[in-house]
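Read the structure below first, then the notes.
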2 protein chains.
Amino acid sequence: MDQKKRSNCPVSCSLDIWGDKWSLLIVRDLLESQPCTYGDFLKAEEKIATNILATRLQMLEENGIITKSEHPDSKAKVLYQLTSKGIDLLPIIVEIGFWADKYYEIDKSKKAVLKEIKKGKELFVKTTIQRLNKEIVKNK
Amino acid sequence: MDQKKRSNCPVSCSLDIWGDKWSLLIVRDLLESQPCTYGDFLKAEEKIATNILATRLQMLEENGIITKSEHPDSKAKVLYQLTSKGIDLLPIIVEIGFWADKYYEIDKSKKAVLKEIKKGKELFVKTTIQRLNKEIVKNK
DNA sequence: AAATTTGCTTTCAAAATGCAAGTGCAAATA
DNA sequence: TATTTGCACTTGCATTTTGAAAGCAAATTT
């Protein structure tokens with residue numbers, strides 16, 4: 001009864017994040033600077049509406065892509081971070097980056113980062129995923 | 001005046017296909033079996049509505065991801081195929097496939113294909129892109 | 001000549017979005 | 001202690017997008 005009808009992703013797995021730019025933006029933000037607060041997401045360049053952010057965070061949590069935890073300094077704050085499943089989205093984000101770099105103007109700093117990654121893509125992805133996974137453990 | 005406000009993609013390039021599952025599905029279909037007709041897309045498993053298909057095909061064409069051309073056999077039919085820019089989305093679709101395979105049930109045949117690709121991802125991507133680009137030239 | 005196929009367009013109700021304002025709680029300040 | 005501020009949301013509502021079905025014109029088949 002509470003079973004939601006999910007959209008199909010382009011490789012036959014059902015998941016709402018496909019077809020939602022805001023979800024991808026949240027994942028990208030987290031990959032770049034791990035624990036983020038609600039406010040951090042709102043501050044991002046793309047100006048997500050606060051109600052949309054709330055629904056997307058909830059959806060990502062339900063799908064096991066992110067987790068919520070308490071901020072060490074303040075109970076008023078909430079920390080969001082990626083799960084292993086979320087971290088594994090890195091290769092996709094990286095490939096989107098390469099593609100965008102090839103066909104669109106992107107800012108210099110991002111261009112430089114991508115150029116570095118290109119030198120050893122597989123290694124970069126592997127070590128970054130390892131690092132992010134270790135950081136999860138740290139926060140427990 | 002006709003300047004549409006475009007959504008931002010997660011890597012700072014503006015493009016509507018990010019955040020739209022139907023666009024991704026169209027690209028996936030084309031990567032799997034190059035020229036497709038309007039009807040082919042409608043026949044796909046995911047059941048895109050015909051009006052949505054029309055707007056997405058138009059959008060993808062405007063963004064230089066696909067092109068329309070005449071069917072050699074019939075004036076009633078229209079062929080859609082990827083441009084080089086569209087073909088270059090392959091690495092992204094492949095990575096989405098790997099991720100989905102890791103975390104969701106996908107059907108056996110796709111699983112098998114992905115397993116094969118995994119053995120030599122870089123080579124597979126390179127040769128497939130080359131092949132698809134050659135096929136574009138053929139159709140001219 | 002009539003029926004069917006093909007590639008769309010139109011209509012319209014239902015759902016999703018996006019902006020602004022509001023709420024509740026915790027922490028900082030007066 | 002009282003009050004303001006900051007943070008994480010929620011609510012209301014107008015606008016936009018979606019999705020299902022029906023319609024349509026041109027081309028093709030029967």
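The values are calculated or read from the model by the stated rules, or taken from the named source; none is laboratory data. These numbers were taken from a predicted model, which means no experiment stands behind them. Positions of Cβ are generated from backbone atoms using ideal geometry, with glycine treated the same way; all protein chains shown enter the neighbour counts. When the accessible area is computed, the model is the full protein with side chains, heavy atoms only, and any ligands, DNA or RNA have been set aside. Shrake-Rupley method; radii C 1.70, N 1.55, O 1.52, S 1.80 Å.
Filter the GluC sites (Glu not before Pro) in the stretch B:62-107 down to the DSSP loop ones having no more than 11 other Cβ atoms within 10 Å, then list what survives.
B:Glu105
Between copies, how far does the label point of B:Lys68 sit from its twins, in nm, shortest first, when each point is 7 Å from Cα along Cα→Cβ?
4.8
Nearest beta-carbon of B to the rotation axis carrying it onto A: which residue, how many whole Å?
Result for the axis mapping B onto A: B:Glu95, 3.
Any idea what the relative contact order of the stretch A:21-138 is, in percent, if you count C-alpha pairs under 8 Å spaced at least 6 apart?
Details: 94 pairs, mean separation 28.3, N = 118.
Relative contact order for the stretch A:21-138 comes out at 24 percent.
Between B and A, buried accessible area summed over both sides at probe 1.4 Å, in Å² to the nearest 100?
3500
Could you give the semi-axes, largest first, of the ellipsoid that matches the stretch A:49-113, computed as the square roots of 5 times the alpha carbon gyration tensor eigenvalues and rounded to whole Å?
Equivalent-ellipsoid dimensions as semi-axes: 29, 15, 13 Å.
Of the accessible area of the stretch B:21-138, with the probe set at 1.4 angstrom, what percent is carbon plus sulfur?
Exposed carbon and sulfur together represent 57 percent of the surface.
Viscosity 0.890 mPa s, temperature 25 °C: what is the translational diffusion coefficient of the stretch A:21-138 from Stokes-Einstein with a Kirkwood Rh over Cα pairs, rounded to a whole number of µm²/s?
162
Let me confirm one metric for peptide A:103-115, namely the mean number of other chain beta-carbon atoms within 10 Å of its residues' beta-carbons.
Mean partner-chain Cβ count within 10 Å for A:103-115: 2.
7 Å along Cα→Cβ for the label point: how many nanometres lie between A:Asn51 and each equivalent label in the other copies, listed shortest first?
2.3
Compute the separation of the alpha-carbon centres of the stretch A:30-50 and the stretch B:89-111 and state it in Å as a whole number.
Answer, in whole Å: 28.
Please work out how much length the chain gains when fully extended from B:Thr128 to B:Glu32, using 0.36 nm per residue of separation minus the C-alpha to C-alpha distance, in nm with one decimal.
33.5 nm
Looking only at other chains, what is the average number of their beta-carbon atoms within 10 angstrom of each beta-carbon in B:87-95?
5
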